[in-house]
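Below is one structure, written out as structure tokens; the observations come after it.
The values are calculated or read from the model by the stated rules, or taken from the named source; none is laboratory data. Just so you know, these numbers come straight off a predicted model, no measurement behind them. With ideal geometry, Cβ positions are generated from the backbone for all residues, glycine too; neighbour counts draw on all protein chains shown.
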Amino acid sequence: MVSPQAKREAVTVLMTERGFGVTRACGLLRISRSLYRYRSCRPACASLRSRIEEIAALKRRYGYRRIHILLRREGWRVNRKLTYRLYREAGLGELLTLGLRVESLTDEGVAQAQGYLLRQSRLTVPDSFALCLAQRNRWVLLSGDGALRALAEAEGVTCHGVLWLIDKIEAENAATTRQLRDGLQGLANHPRCRLPMDEVTTAYSERS
């Protein structure tokens, strides 16, 4: 299906490069002249878009719903539909299209996650849910958090860090050496990186 915007652009091409009149060009592409002349009245929302991207960078686990709540708390007059549109236009929801699967817990699983929170106060709610899912599905848990890794070991869940994942990506030839090196450099330069820098430096040097 061709979008209206693509059809408008095609009409413009016919008019400028082929010398067609607007009526003939619109007729060939089967759109009305009013649709061709339509211009969006949506506000640019540049500052709002920028703030959404900032929140997404700081709160990497947040989806558009939680970002929307934060925006409202900050005083932004925005509805959920606009937050979602700007979130998608910024490419922040692309993980879903790349294969990210959203999992859920049963009532029993939620109770188990709450038990983990009581056992380890340093654990976050997303961490406790991730541990439950990893245990239920016999998945490998990816985390660099010491408290979570210790609890995972106690529960018999295999847990590895980001550098292990990079080694696996390299072993499977799923990325080039340059891509892995750039990724390691990005990790090292990120202000919130909590990985041991000596290990990151070693991993980078091995791929230089």
Note on the stretch 9-58: residues more than 30 Å from residue 76 (Cα to Cα) and among the hydroxyl-bearing types (Ser, Thr, Tyr) are 12, 16, 23, 32, 34, 36
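Can we say residue 199 is under 30 Å from residue 109 (Cα atoms) and either surrounded by fewer than 16 Cβ atoms within 10 Å (Cβ to Cβ) or touching a helix residue (DSSP H, G or I) at 6+ places or on another chain (Cβ under 7 Å) (or both)? First the steps, then the outcome.
Working: under 30 Å from residue 109 (Cα atoms): no; either surrounded by fewer than 16 Cβ atoms within 10 Å (Cβ to Cβ) or touching a helix residue (DSSP H, G or I) at 6+ places or on another chain (Cβ under 7 Å) (or both): yes.
No, not satisfied.
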Against the condition more than 23 Å from the chain's Cα centre (by Cα) and in a loop (DSSP other than H, G, I, E, B), how does residue 144 come out, does it pass? no
Go through the stretch 109-167 and count every residue that is more than 27 Å from residue 179 (Cβ to Cβ) and not small (Gly, Ala, Ser). 27
Scanning the stretch 151-190 for residues that are under 30 Å from residue 118 (Cα atoms), outside any strand (DSSP E or B) and out of contact with any Asp or Glu (no Cβ under 7 Å at 6 or more places or on another chain) gives 151, 152, 153, 154, 155, 156, 157, 158, 161, 162, 164, 165
Out of everything in the stretch 15-30 that is more than 17 Å from residue 5 (Cβ to Cβ) and of a type in the set (D, E, K, R), what residue ends up being nearest to the chain's Cα centre (by Cα)? 17
Look at residue 164 and say whether it is under 20 Å from residue 60 (Cβ atoms), surrounded by fewer than 16 Cβ atoms within 10 Å (Cβ to Cβ), of a type in the set (Phe, Trp, Tyr) and out of contact with any strand residue (DSSP E or B) (no Cβ under 9 Å at 6 or more places or on another chain). no
From the option list 157, 125, single residue qualifying as surrounded by 14 or more Cβ atoms within 10 Å (Cβ to Cβ) and not acidic (Asp, Glu) is 157
Lone qualifier among 178, 194 - being farther than 17 Å from residue 61 by Cβ, free of Cβ contacts under 8 Å to residues at least 60 places away in the same chain and of a type in the set (D, E, K, R): 178
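From the list 174, 188, which one is at pLDDT below 85 and farther than 30 Å from residue 107 by Cβ? If you could, list the steps in order and put the result at the bottom.
On the way: 174 fails: at pLDDT below 85.
When all the criteria are applied, what remains is 188.
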